[in-house]
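The values are calculated or read from the model by the stated rules, or taken from the named source; none is laboratory data. From a predicted model like this one, the values you see are computed outputs, not experimental measurements. Because the Cβ atoms are built from the backbone with ideal geometry, glycine has one as well, and the counts that use them run over all protein chains shown. SASA here: full protein model, heavy atoms, side chains in, ligands and nucleic acids out. Shrake-Rupley method; radii C 1.70, N 1.55, O 1.52, S 1.80 Å.
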Amino acid sequence: MKYDKFFTLAKEAGIEEAELYIGCSKSLSISLFHGEVDNYSDDTGYTILARGLVNGKCGTATCDVWNNEKAKYLVDAIAANAKVIENDDPIFIFEGSPKYKKVHSYNKELGQISIDKKLELLHQLEQKIQVGDPRIIEVGGVEYSESEESVTLINTKGLKLTQKSNYFVYVGSAVAKEGEQVKSGYELFLGNNFAEFNVDELAKKVCKTTVDQLGGEPCKSGKYKAVLSPEVVKSLMSFYVNSADAEEIQKHSSLFIGKLGQKVASSKVTVEDRPLSKNVFAKSFDDEGVATYNKPIIKNGVLQTYLYNLTTAAKDGVQSTGNASRGGSLIGIAPNFLYMKPGKKSQEELFKEVGEGVYITDVQGLHAGMNPQSGNFSLQSTGYLIKDGKRDRGLDIITVSGNLVDVFMDIKEVGNDETVFPSGVSCPSVLIKKINVGGK
């Protein structure tokens, strides 16, 4: 076996248990500007993350090539690193779950499509955006990117797991002008089945998103009924569900401390971790080798579980939920695929139910404007007025403020317009009872 040398040297060095996490990636990126290729990159990456237990302490090491010399380097680095570790948290080299579900997140046909075909559609996208609306004054750029990744996990307990995924993204952006006002916008398509991509649909979405922002101005400051777009729900939900991270609970820095089995959102809200969904984010095991499974995090507004890796699970005397996530040599916690269950009403029906209010389409400054401990936020935003139950003129230079807990408690309806984002989140629009809007 290719990596046997590492495990032999580890044993000889007195490393009690050892593990290799091997990531191989391929990426392709092509962008156009004014009909010319202004960026082309085709890269291959290789990363090996090694861990080992020495006298109960976990040493780590990394490298980006593999040979016998690197095997020795990793062993020596693990031994040296373990000697300076002061953290007493329990660390585990996992023996494996009883069963793993098969997932389908890799499409071999994607790699068989020629570069020329991918480039041809990129040119078409640029051209169709340019002529899509007379107010479009510039195509900001179009880009095709493709990514393929395989992960292999091997350890001294006999565990050997492999999973593979790939996907592609087309992105188009535009600049529109009306009078003295200039606005920019973008849209994207994400998937791994090339046959599902429709260049006309994406071009139309780019144009509509861009020109619809024209004519925006602030509204009067006040409290408004509101519809939040899937983009905004994604941003707020990702922050909110981070409170279910068991490490944050154990550090006493979470909004969900002591909230298991209690109401943390409207009864309309169900949020799940769905690693076994049939999409590009599917995975059968987490970054420690624990089998993944679909599970509700919030069900009908009630908090069902915290999210655990092996270390935090041991501290609480429970089983890992299969949510270990590696960031370099550190193992944290993250949802695999975060999914808000959609409702039955269309976005237009949500507008009708609001009557008079606002439709918030974008929020900015989350990291600066959000307090993760209290949930209070104040964010620069854009959107539209809702008038007589329909989307009206644009809103510009406004802020929305409130508290995350209140926002999720105040969700009155959940739309059916679920949208999947490249960050591994799927969510629809929501209608909330009120939100503070700062305008003029």
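Quick notes on this structure:
- In the structure shown, the pairs Lys26/Lys160; Lys57/Lys160; Lys5/Lys157 are assessed against 19 Å; a Cα-Cα span above that value is assigned to Lys26/Lys160; Lys57/Lys160.
- Estimated FRET transfer efficiency when R0 is 22 angstrom, pair Lys352-Glu418 (beta carbons, to 0.05): 0.65
- Dipole of region 1-159 [Lys/Arg +1, Asp/Glu -1 at C-beta], most positive-end residue of His34, Ser97, Ile154: Ser97
- DSSP-defined beta bridges in the chain - what % are antiparallel, rounded to 5: 95 percent
- Thr312, Thr62, ranked by accessible area, largest first (probe 1.4 Å): Thr62, Thr312
- Cα-based reach from Lys278 at 18 Å (exclusive), listing lysines while leaving out same-chain residues under 8 positions away: Lys101, Lys102, Lys108, Lys164, Lys295, Lys341
- Using C-alpha pairs below 8 Å separated by at least 6 residues, the relative contact order for region 177-246 is 35 percent.
- Among 246-254, 38-46, 116-124, the order from most to least packed when residues are scored by Cβ within 10 Å on average: 246-254, 116-124, 38-46
- Scalar couplings 3J(HN,Hα) for region 135-146, obtained by applying the Karplus form with A = 6.51, B = -1.76, C = 1.60 to θ = phi - 60°, are 7, 6, 9, 7, 8, x, x, 10, 9, 10, 9, 9 Hz; x denotes Gly and Pro.
- Each of Arg391, Arg326, Arg274 has its accessible area taken with a 1.4 Å probe; listed largest first, they run Arg391, Arg274, Arg326.
- The chain: relative contact order in percent, alpha carbon pairs under 8 Å with at least 6 residues between: 15 percent
- For region 14-51 and region 355-394, distance of Cα centres in Å: 36 Å
- Solvent-accessible surface ranking, highest first, for Glu16, Glu86, Glu187, Glu143 at 1.4 angstrom: Glu86, Glu16, Glu143, Glu187
- Centroid-to-centroid separation of region 329-343 and region 153-221 [C-alpha atoms, Å]: 20 Å
- The residues of region 52-152 expose, per residue, 58 Å² of accessible area to a 1.4 Å probe.
- Under 5 Å, built H, 5+ apart or other chain: amide partners of Phe285: Thr292
- The spacing between region 242-264 and region 65-129, judged by their C-alpha centroids, is 30 Å.
- Cα-centred dipole magnitude for region 86-235, charges only on beta-carbon of K, R (+1) and D, E (-1), debye, nearest 20: 620 debye
- For the chain, the fraction of 1.4 Å probe accessible surface lying on carbon and sulfur atoms is 49 percent.
- Area of Leu307 that stays accessible when all protein chains are in place (1.4 Å probe, Å², to 10): 0 Å²
- Links that overshoot a 19 Å alpha carbon limit, given the list Lys11/Lys315; Lys220/Lys434; Lys225/Lys345: Lys11/Lys315
- Only helices enter this figure: runs of n ≥ 4 DSSP H residues, each worth -39500 (n - 2.57), summed and divided by the residues of the chain, yield -6500 deg cm²/dmol at 222 nm to the nearest 500.
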